[in-house]
1. Can you work out which of the residues in region B:56-68 that are assigned to a loop (DSSP other than H, G, I, E, B) and over 15 Å from the mean Cα position of the chain (by Cα) is surrounded by the most Cβ atoms within 10 Å (Cβ to Cβ)?
2. Hey, among the residues in region B:37-55 that are more than 7 Å from chain A (Cβ to nearest Cβ) and assigned to a loop (DSSP other than H, G, I, E, B), which one's farthest from residue A:67 (Cα to Cα)?
3. From A:38, A:54, grab the single residue that is under 30 Å from residue B:17 (Cα atoms), assigned to a strand (DSSP E or B), modelled with pLDDT of 90 or more and open to solvent by 40 Å² or more (accessible area, probe 1.4 Å).
4. Scanning region B:80-110 for residues that are within 16 Å of residue B:146 (Cα to Cα) and in a loop (DSSP other than H, G, I, E, B), which turns out nearest to the other protein chains (Cβ to nearest Cβ)?
5. Can you pull out the residues in region B:8-36 that are open to solvent by 20 Å² or more (accessible area, probe 1.4 Å), at the interface with chain A (Cβ under 7 Å from one of its Cβ atoms) and polar (S, T, N, Q)?
6. Taking only region B:125-141 into account, find how many residues are facing chain A (nearest Cβ under 10 Å) and closer than 21 Å to residue B:52 by Cα.
7. Here are some residues: B:153, B:164. Which one is open to solvent by less than 100 Å² (accessible area, probe 1.4 Å), modelled with pLDDT under 95, over 18 Å from residue A:52 (Cα atoms) and within 14 Å of chain A (Cβ to nearest Cβ)?
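The values are calculated or read from the model by the stated rules, or taken from the named source; none is laboratory data. Being a predicted model, the structure only gives us computed values, none of them experimental. Glycine also receives a Cβ, built like all others from the backbone with ideal geometry; neighbour counts cover every protein chain displayed. Surface areas here come from the heavy atoms of the whole protein model, side chains and all, with no ligands, DNA or RNA. Shrake-Rupley method; radii C 1.70, N 1.55, O 1.52, S 1.80 Å.
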Amino acid sequence: MRNTILISLSALLLISVVVLGQEVKGTGAKLFIDQTSFDFGYVLGGEVVSHSFFFLSKGTDSLKILKVQPG
Amino acid sequence: MVAVGDSAEVELIYSSTKGHGGPFNKSATVTCNDNDRGNFQLALKGKSYENPDSLTPLTLSAGAVTWDQQTRSKEAKLVVKNVSKSALKMHLISQPYGYLKISLPDADIKPGKEKEIKVKIDSSVKDVEFKKSFTFEVNDSTGTRYTVPTILAKPVIMPQIQSAPVVAPHDTTTKTNK
């Protein structure tokens with residue numbers, strides 16, 4: 001029983017290290033955004049409408065929006 | 001640059017063409033330094049219309065709300081009328097953060113009845129002019145949405161009129177000596 005617990009703990013520690021290793025490898029700036037499209041519905045012709053898409057900076061480096069281009 | 005843990009926004013602005021009613025689909029490509037994400041697209045869609053009276057299931061008394069520098073502190077009212085056969089309820093989908101105070105009718109709008117949407121510029125807004133919009137949705141079978149442009153018109157600068165110098169009238173009659 002004691003041996004089983006020790007083996008389980010070791011396995012758990014090994015898995016944690018491996019997972020952590022993978023996270024460290026894939027870091028840098030990370031953008032999280034939950035909405036990438038918006039439906040205005042009815043819009044009066046000839047008028048200007050706008051919508052803001054909010055995002056979060058995650059990861060380990062600051063996020064930079066380098067360019068926003070129509071199309 | 002957005003620090004880790006902070007949030008930011010990308011505002012997309014669409015100018016619809018007058019006289020060309022119908023659906024539109026527009027997109028913008030965003031490039032950032034998230035190497036796993038690469039470029040990604042933000043999409044906008046909607047339906048341009050010409051006459052607020054022609055909409056269903058709600059008609060609007062006006063397609064946009066406008067203030068000028070004299071009226072900017074006043075509450076604007078937009079009348080919506082339910083032209084469908086079912087009671088409808090409205091809820092706000094999107095509004096420009098920190099710009100407007102929007103009050104939609106609390107209760108259902110019964111068929112054939114009218115209610116008011118009240119819109120006021122937030123007292124903290126210092127902008128001299130802006131063009132923003134808000135979107136609401138009704139609970140009909142298709143979740144019809146309406147986006148209302150809200151405009152604060154920029155101050156009109158009157159040209160300075162300089163007064164011309166006053167010139168005494170000149171006597172042009174010919175005098176003859178007899």
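1. Only one residue tops the list, namely B:57.
2. B:51
3. Answer to the check: A:54.
4. B:96
5. B:15, B:17, B:27, B:29, B:31, B:33, B:35 - these are the residues of region B:8-36 that are open to solvent by 20 Å² or more (accessible area, probe 1.4 Å), at the interface with chain A (Cβ under 7 Å from one of its Cβ atoms) and polar (S, T, N, Q).
6. 8
7. One residue alone meets the criteria, B:153.
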